[in-house]
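Colleague: Take a look at the following structure, please.
The values are calculated or read from the model by the stated rules, or taken from the named source; none is laboratory data. On a predicted model such as this, the values are computed, not experimentally measured, just so you know. Every residue, glycine as well, gets a Cβ built from its backbone with ideal geometry; the counts of neighbours run over all protein chains shown. Ligands, DNA and RNA are excluded from the accessible area calculation, which covers all protein heavy atoms including side chains. Shrake-Rupley method; radii C 1.70, N 1.55, O 1.52, S 1.80 Å.
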Amino acid sequence: MNLFETMRLDNGEIPRLAYHAERLQRASTVLELPFDDVRWQQTIQQLYEAYPTGQYRVKVILEPSGEFRAEVGVLQKTTTMTAQFVPMKRDIPEWQRIYKTSEREHVAHTHTTQLALFFDEDTDKVLEFDIGNVVITIDGTHYTPVYKKDFLQGCMRRALLADQQITEKYLTTAMIKEALQQGGQLWMINSLREWVPITLEQIK
């Protein structure tokens, strides 16, 4: 098992870098993987120097040995994506839900739509997309599901909450459907693509 962070490299800088570093270091402590801050800083500096212009998708992987490995690709522009509700698998360990590890089978899906919007089948609570967090805009206010250590808390989400640009709210699939029927807007947010408008399919 390894840990990783997927980040946006934008003209030689990584937005929300401190959030990524803190999340990776916290996970490494809990899951007992060695984290060397000097190696981390060196890896980031090498990326900055190698890609001073343009927008890239960067995946920095922390191996069990403590080594960092970086994968870089051109960031394709995304204007909108499709999603459908998918029940989250039961009995998933908390560490698997809340830390970004290579053990991501619980968010696998059939890709009938581009994204899966996971929810708790017992409570109807909306949780997360397979690649990011959830925001629903209702009457000009941006709401995101309440975090109860039941999904991966993204760096974009944390930054927006800190800046008071989004507000936590207990959201259900029924609430999302009603909001969309009344003209609300659904978003997938993550630190790579930031805000992506979502078209929710199979609304009943």
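Colleague: Please go through region 156-182 and pick out each residue that is buried (at least 17 other Cβ atoms within 10 Å of the Cβ) and not in a loop (DSSP other than H, G, I, E, B).
Modeller: Passing the criteria: 156, 157, 158, 159, 160, 173, 175, 176, 179, 180.
Colleague: Also, I was wondering about something else. So, in region 121-130, exactly how many residues are in a loop (DSSP other than H, G, I, E, B) and either touching a residue at least 40 places away in the same chain (Cβ under 8 Å) or open to solvent by less than 50 Å² (accessible area, probe 1.4 Å) (or both)?
Modeller: Adding up the residues that qualify gives 3.
Colleague: Looking only at region 12-36, which residues are of a type outside the set (A, V, I, L, M, F, W, C), outside any loop (DSSP other than H, G, I, E, B) and open to solvent by less than 60 Å² (accessible area, probe 1.4 Å)?
Modeller: Selection gives 20, 23, 28.
Colleague: Applying the selection to region 45-81, what residues are of a type in the set (Ser, Thr, Tyr) and within 26 Å of residue 115 (Cβ to Cβ)?
Modeller: Once the filter is applied, which keeps residues that are of a type in the set (Ser, Thr, Tyr) and within 26 Å of residue 115 (Cβ to Cβ), region 45-81 yields 56, 78, 79, 80.
Colleague: Within region 185-194, how many residues turn out to be free of Cβ contacts under 8 Å to residues at least 60 places away in the same chain and either in the same structural domain as residue 9 (by the TED database) or surrounded by fewer than 19 Cβ atoms within 10 Å (Cβ to Cβ) (or both)?
Modeller: Residues in region 185-194 being free of Cβ contacts under 8 Å to residues at least 60 places away in the same chain and either in the same structural domain as residue 9 (by the TED database) or surrounded by fewer than 19 Cβ atoms within 10 Å (Cβ to Cβ) (or both): 1 in total.
Colleague: Scanning for something over 23 Å from residue 200 (Cα atoms), of a type in the set (Gly, Ala, Ser) and modelled with pLDDT of 95 or more, does region 92-105 turn up at least one residue?
Modeller: Checked region 92-105: at least one residue is over 23 Å from residue 200 (Cα atoms), of a type in the set (Gly, Ala, Ser) and modelled with pLDDT of 95 or more.
Colleague: List every residue pair whose Cβ atoms lie under 9 Å apart, where the two residues are 6 or more positions apart in sequence or sit on different chains, the first residue falls within region 27-42 and is within 15 Å of residue 99 (Cα to Cα), and the second residue, located anywhere, is of a type in the set (Asp, Glu) and in a loop (DSSP other than H, G, I, E, B).
Modeller: Final answer for the pair search is 33/63.
Colleague: Would a scan of region 157-167 turn up a residue that is in contact with a strand residue (DSSP E or B) (Cβ under 6 Å, 6 or more places away or on another chain), in the same structural domain as residue 85 (by the TED database), closer than 24 Å to residue 94 by Cβ and touching a residue at least 12 places away in the same chain (Cβ under 8 Å)?
Modeller: yes
Colleague: Okay, moving on. Considering each of 113, 78 in turn, give the residue that is modelled with pLDDT under 95, closer than 22 Å to residue 128 by Cα and among the hydroxyl-bearing types (Ser, Thr, Tyr).
Modeller: Just a single option satisfies the conditions, and that option is 78.
Colleague: Go through region 77-109 residue by residue and tally those that are open to solvent by 70 Å² or more (accessible area, probe 1.4 Å) and free of Cβ contacts under 8 Å to residues at least 12 places away in the same chain.
Modeller: Qualifying residue count for the region: 3.
Colleague: Of all the residues that make up region 45-66, how many are more than 19 Å from residue 103 (Cβ to Cβ), outside any strand (DSSP E or B) and either open to solvent by 50 Å² or more (accessible area, probe 1.4 Å) or modelled with pLDDT under 95 (or both)?
Modeller: 8
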